[in-house]
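Remarks on the structure that follows.
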Amino acid sequence: MNNHADPLNLIICGTGGQGNVLISRLLGRALTDNGYKVTIGDTFGAAQRGGAVFSSMRISKKKYYGPLVQEGQADVLLSLEPLESLRILNTYGNPEIATVSNSQPIYPVDYPDVLTSQGGEVVLRYDSNAAAGIGFRGNYRVVTFGFPFETISTAQERQMVMEKVLQYLR
């Protein structure tokens, strides 16, 4: 930490399930083992698998500091998800911050929503046969998915889903 502020304010951010908290604990342990004083504050918000998560780390050679980095005061941002980088930089960033970010977005679809029809028709099903897309007919026709469309990984699968939606909307 030579030539750096004391404490060094580090934020590690990502989405639930990426290992954000584990990374902060491992890094904190390594720094503590090397004589640094480290405090960690985890912020989960409405976190769940795929929800926003970040850890504030305050690292010092001199003393322990409160665990939360103040707004606009982060020195380093380590981000596991690019959209979370932008969210954190908006609040904790400043012109001097150093940022390291994964460039690949994470789409949280390990646990997609299973829909119930509530007066609509099942248009699309998951492999488990649970409802993945529900259509509604009335003054307007609408199809709602239980997952972000961007998470469909192949062009062939996207084409198949769009054909089912267009067939329903006709």
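Annotations
- Among (1) surrounded by 12 or more Cβ atoms within 10 Å (Cβ to Cβ); (2) not assigned by TED's automatic domain parsing to the domain that holds Ser55 - the single one Thr154 does not satisfy: (1)
- Selection count, the range 6-30, where residues are outside any loop (DSSP other than H, G, I, E, B) and either modelled with pLDDT of 90 or more or within 11 Å of the chain's Cα centre (by Cα) (or both): 17
- The range 129-156: number of residues that are under 26 Å from the mean Cα position of the chain (by Cα) and farther than 15 Å from Gln167 by Cα: 14
The values are calculated or read from the model by the stated rules, or taken from the named source; none is laboratory data. Given the structure is predicted, the values throughout are model-derived calculations rather than measurements. Neighbour counts run over all protein chains shown; Cβ positions are idealised from the backbone, glycine included.
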